[in-house]
Structures are given as C-alpha cells and as structure tokens.
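We did not get these values from a lab; they are worked out from the coordinates using the rules stated. Fair warning: this is a prediction, and the values are worked out from it, not measured in the lab. So basically every Cβ, Gly included, is an ideal-geometry build from the backbone, and we count neighbours across all protein chains shown.
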Amino acid sequence: MTGQPTPRQGGDKGRWYLEMLGLLSDDGPPTLQRVADSRQTTSTSEAITEMWDKTEESAAAVTVDDPLAHWAPSELSATVSSRRQVRWPIVIGALVVGILAALALWWMPQESDRRLSNHADLMRAALSTLHGDLIDTQAALAAATEPSNAGPDLGSVAVNLAGIADSSARLLDIAGQPIPTSLPLTAREPFDDLDSFRLTLGPLAAEATAIRSDVADITDYRLALARVFDVGELPLAADSATITDVGASLARALATSVAALTEMPLDGSFAEHRTLVEARVTEFAEWQDDYLAALREGDSTEAQRLVDELSVAREQLQAEVIVTLAALRTEVDGRILDLAAGLERAIQLVP
C-alpha cells in the first residue's frame, strides 16, 4: 500500500548496487569467512595466508578512469592568480568619455551665452550708432529747410546725411540676419527672445531711411529751384553783339529751368509749389522775347521793367516755398525725435 515503508530484506547491504557497477562479483576476492568454510584450518594465521594467496590469483577489479590521472600542477597565469581582473583600455576609454562629456556640459552653455551676447552686442552697437547719427540728420534738416541757404550751403546736407544712410542700412542688415542657434542641452528661450526683439529693428531702420530720404528730397528740390531763372546780371542797353550773347545766355537759362522743373516731383509736399514753378517757367519763354526786343529797340525803361518783373517772379518762387519748408521742418524734426526715443528704448530692451 502506498505510504507504507518497503520491507527490508535481511542481509541486503547494497550488494546489488556494487554488482551492477561491476565492482563486486561472485568471483571477487575471498573473504576470511569463505576461506574458513572451504577447508579445515587449524589456525587463524593459516586461513589469512590462504586468503591472501587467493586474492593475488583473482582478476583485477574493473576500475573507472580517473579524470585526474594525468594531471600535473603548473604555474597559474597572472589573470587567474589575481584577485580582480582590470581591463585598462575600457577604464581609460570610460574616463576619456566622461571627461569629454563633462567638458561638453561646461563648454556648451558658455558657447551659447557667447553667441547670444555677441549678437546682442551687434544689435546694441547698430542701434547706438544710428542714434548718434541723428544729430547730423537734424543739422542736415536745418540746412535744407533754412530759406536763406543757397546752393553752396545746401551741398553740406549730403555730408551730414551720409552717417544715417550707413547706420540705417547696417541696422536693416542686422534685422535680416538670423539669430544664432542654441547648442544642445542649453536653454532656447533667450534665443527666442532675441529673435522676437530682432523683428523690432526693421521698422526703426526703415523710419531712419525714410527720414534720410525726406531730407534729401527737400535738399534736391531746393537745389533744383535754385537753377530756375538763373540768368545772372542782365543789361538794360546793349549793342547787336551783346544782344546776341544775352539771347544765347537766356536760351541756356530757359533750358536749365526746364531741366530743373523735370527733376521736381509731381506729388508730395512740393507738388503745389511745383505747379507755380511750371507756370513761371512757361512765362519765362515769352518774357525773354520781350526783353530782347526792348534791347534791340533801345528801350531801357521797358528793359528795366522786364528785369524787375523777372526778379520779382524769382523772389516769389523762393517766398512761396518757405511755408512748405517750415511745415516739413516741424514734421521731420518730430519724426527724428520720435525715432531717437524709440532707439533709446530699444537699446535698453536688448535681451
């Protein structure tokens, strides 16, 4: 029945297992008991002697090959004999990678800050330069709108406008440049802030360019007006040769006046004044015929009247433009002041 111990047979000492392995057989070495049972002995010593003799005659027992039969001791290698195995190439490689990683973590934020700072300084310098050039721009505006200034005095305006022309172009160029990119593992927000600020530079540069253009247009109009009726000193009496020379001079003055008229813009602040100039230039073509006729007739009184009439017409043209010049000076100067304030704010707000 299951769960009950198997009854043990008497005299069973595991002999069956030794016999299965071939280590024990019926023909094995004789024991003392077997020798005693096989013959009659009178003493124990004789039985032992006979048992020994039979043991030498018995076949050798089958033995299992010993795996250590041919083993001989030898010197252990340094790797086996050492307590800990150290792979120096791996250790050195790991140290190099760690050092490079540490250097990268230290260098990348500083390099990002340097890029950001350099571009911010570039913007700040361009804004400051443009702000400084506004002083010369105001001087140019004053010269261009001063009624008493003639052609030679207006020539200095271009010199004063050279600074704002360069600085506004420089600021516009920086406004179009992309912001440097941030390096990995560094903050992107400061670069985004600088990129947003970059968008405010374009309008400032555009306004500076517009102011410079307006002052230049004022100067160009006045220089063109100065060439209208530029006849020089006219005689009240002359002989035939002189009359011929005066006629040629008046023809050149008419051509110069027409050329100056074509340079004047048809629209803008001077559009109304240009219409007046065009009417006076048309009258000038008829005037010179009357003047030359008075010289040929020797009528100095008529010649004087005509000379005075031309002088008054020219003075009227200069007087009529004063109102427009005053209005432009007030307007453009206000824009210069507004631009200066905007540049000052921008300089303080550079990230």
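Per-residue Karplus couplings for segment 222-237, computed as 6.51 cos²θ - 1.76 cosθ + 1.60 with θ equal to phi - 60°, are listed in order as 5, 5, 5, 5, 5, 8, 6, 6, 7, 9, x, 7, 10, x, 9, 8 Hz, Gly and Pro entered as x.
Computed from the C-beta positions of residue 189 and residue 169, the FRET efficiency with R₀ = 41 Å rounds to 0.85. Dividing the convex hull volume of the alpha carbon atoms of segment 102-349 by its residue count gives 124 Å³ per residue. When you restrict to C-alpha pairs under 8 Å that are six or more residues apart and normalise by the size of segment 102-349, the relative contact order lands at 25 percent.
The packing ranking of peptides 167-176, 255-264, highest mean first, is 167-176, 255-264, where packing means the average number of other beta carbon atoms within 10 angstrom of each residue. With R₀ fixed at 22 Å, the C-beta to C-beta distance from residue 305 to residue 271 puts the FRET efficiency at about 0.10.
Just so you know, the averaged projected area of the alpha carbon convex hull for segment 224-351 sits at 10.0 nm².
Between residue 345 and residue 128, the distance separating the two model label sites (each 7 Å from Cα on the Cα→Cβ line) works out to 2.2 nm. Couplings for segment 324-339, taken from phi via the Karplus curve 6.51 cos²θ - 1.76 cosθ + 1.60 with θ = phi - 60°, read 5, 5, 5, 5, 5, 5, 5, 5, 5, 5, x, 5, 5, 5, 5, 5 Hz in order; Gly and Pro are left as x. With K and R counted +1 and D and E -1, the other residues having a Cβ less than 11 Å from that of residue 239 yield a net charge of 0.
On the beta carbon distance between residue 241 and residue 286, with R0 = 22 Å, the FRET formula returns roughly 0.35. Debye sum, Cα scatterers, segment 216-295, no solvent: what log₁₀ I/I(0) at q = 0.22, 0.26 1/Å? For segment 216-295, the Cα-only Debye profile gives -0.96, -1.20.
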